[in-house]
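**Student:** Structure provided below as structure tokens; questions to follow.
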Amino acid sequence: MLERGLSVEGVRMSDELDVQLGRRIRRRRRLLGLTQEEVGAACGVRAQQVQKYESAANKMSAGMIGRLAQVLEVDVGYFYQGLHSLLATQQVRARRPRGDLTERRAAVGDLAV
């Protein structure tokens, strides 16, 4: 059983969602020919904050996602397009065998000092 919120690789699913959101924001911003400065000014944040959202370094509130949707002239659902395939990929990864337990313990033992 997986820990709540974790994928098999130990990467939080929420982190992967943030990456997805950031990519969609960057893609739409560039499609409209807007700079991070312009988007930031319209949303009430600095360009550096927009860059952090796009790179998934910072999480976005629901309100910010709504403001970004307005500025980027899309429905909020735009940011979540393709999410189904991301979730399906996570389910496939969770079902894959992760190797023999003995092999994994031996590998960890090799790392011990």
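Just so you know, all these numbers are worked out from the coordinates, no wet-lab data involved. The model shown is predicted, which means the values in this text are computed figures rather than measured ones. Methodologically, a virtual Cβ is constructed for each residue, glycine included, from the backbone with ideal geometry; neighbour enumeration extends over all protein chains shown.
**Student:** How many nm is it between the label spots at Ser61 and Ala42, if each spot is 7 Å from the Cα in line with the beta carbon?
**Tutor:** 2.0 nm
**Student:** Now for a separate question. Taking 7 Å along the Cα-to-C-beta vector as the label spot, tell me the Arg23-Tyr80 distance in nanometres, rounded to one decimal.
**Tutor:** Label at Arg23, label at Tyr80, 1.8 nm between them.
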